[in-house]
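Peer 1: Can you read through this structure? Questions will come right after.
The values are calculated or read from the model by the stated rules, or taken from the named source; none is laboratory data. For clarity, every value in this text was computed on a predicted model and none was experimentally measured. We place every Cβ from the backbone using ideal geometry, glycine too, and count neighbours over all the protein chains shown. Side chains included, ligands, DNA and RNA excluded: accessible areas come from the protein's heavy atoms. Shrake-Rupley method; radii C 1.70, N 1.55, O 1.52, S 1.80 Å.
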Amino acid sequence: MAETILVGKATIKDGLKMTCESGKHIFYLDEPKSSGGTDEGMNPLEAFLCALGACKSVISKMASKKMRIPFDEVQVECRGTMDFDGVTGKNPNAKIGISNIESIYTFKTTASKEEIEKLVEYVDSHCPVMDTVVNSPTHSHKVVIL
């Protein structure tokens, strides 16, 4: 299969509430009131953690059929550790982004723990969002003035 370009667009006007679009889909992100937002949506890092959990959930579902490991439900909670003193500039030595991510998989299943652990190992090595985190992509930018 040839490479595909995925597009995500975020627009911010007044305040900190962002309209996020991809194709025909729209959702909103925001910042908490303590940061100057309206708290009408999760912040971008929370959305990132949800995207990671969602991707791991999808790969779990797809791989479970292939591996014949049954489950009725999976929940993937991703917890990110962050020192906000980095992004605010209070501590120039603190990491600006998330420094640690823990994924907590909860399965409703009749499968054994060994089978589920085998599935989770597969998921962690085949999740595109996880791969993007572990193997950072190159990055560039363009500026357009209207």
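Peer 1: If exposed trypsin sites (Lys or Arg not before Pro) are those in a DSSP loop with at most 13 other Cβ within 10 Å, what is the longest stretch of the chain that has none?
Peer 2: Between the exposed loop sites, the longest stretch runs 91-141.
Peer 1: Also, quick follow-up: What is the angle, in °, between the Cα long axis of helix 113-126 and the longest principal axis of the Cα atoms in the chain? Nearest 10 is fine, range 0 to 90.
Peer 2: Here the helix axis deviates by roughly 40 degrees.
Peer 1: From Cα pairs below 8 angstrom and at least 6 apart in sequence, can you work out the relative contact order of segment 11-146, rounded to a whole percent?
Peer 2: That works out to 18 percent.
Peer 1: Going down the list 9/66; 65/108; 24/142, which pairs span over 26 Å between their C-alpha atoms?
Peer 2: Listed pairs above 26 Å: 9/66.
Peer 1: Using a 1.4 Å probe, what is the accessible area per residue for segment 8-117, in Å²?
Peer 2: Accessible area per residue, segment 8-117: 69 Å².
Peer 1: With springs only between Cα atoms under 10 Å, which of 128, 92, 44 fluctuates most in a Gaussian network model of the chain?
Peer 2: Sorting by GNM fluctuation, first place goes to 92.
Peer 1: Now for a different question. Straight-line reach only, C-alpha to C-alpha below 19 angstrom: list the lysines that residue 13 could link to, leaving out same-chain residues fewer than 8 apart.
Peer 2: Within the straight-line cut-off, residue 13 pairs with 33.
Peer 1: Quick one: angle between helix 44-67 and the longest Cα principal axis of the chain, in degrees between 0 and 90, rounded to 10, please.
Peer 2: Approximately 20 degrees, to the nearest ten.
Peer 1: Summing -39500 (n - 2.57) over the DSSP H runs of n ≥ 4 in the chain and dividing by its residue number, what mean residue ellipticity at 222 nm do you reach, to the nearest 500 deg cm²/dmol?
Peer 2: -10500 deg cm²/dmol
Peer 1: Could you give the alpha-carbon Rg of the chain over 2.2 N^0.38 Å, rounded to two decimals?
Peer 2: In units of the globular-protein estimate, the chain measures up at 1.25.
Peer 1: How much of the accessible area of segment 1-134, in percent, comes from carbon and sulfur atoms when a 1.4 Å probe is used?
Peer 2: Of all accessible area on segment 1-134, carbon and sulfur atoms account for 54 percent.
Peer 1: Under a GNM of the chain (C-alpha, springs under 10 Å), which listed residue has the highest mean-square fluctuation: 123, 58, 134?
Peer 2: Maximum fluctuation in the GNM of the chain, among the listed residues, is at 134.
Peer 1: Which GluC sites (Glu not before Pro) from segment 1-55 combine a DSSP loop assignment with at most 14 other Cβ atoms within 10 Å?
Peer 2: Those that pass, being in a loop and sparsely packed, are 3, 40.
Peer 1: Mind putting a number on the dipole of segment 1-88 about its Cα centre? Charges go on the C-beta only, +1 for Lys and Arg and -1 for Asp and Glu, and I need it in Debye to the nearest 20.
Peer 2: Once rounded to the nearest 20, the dipole reads 580 debye.
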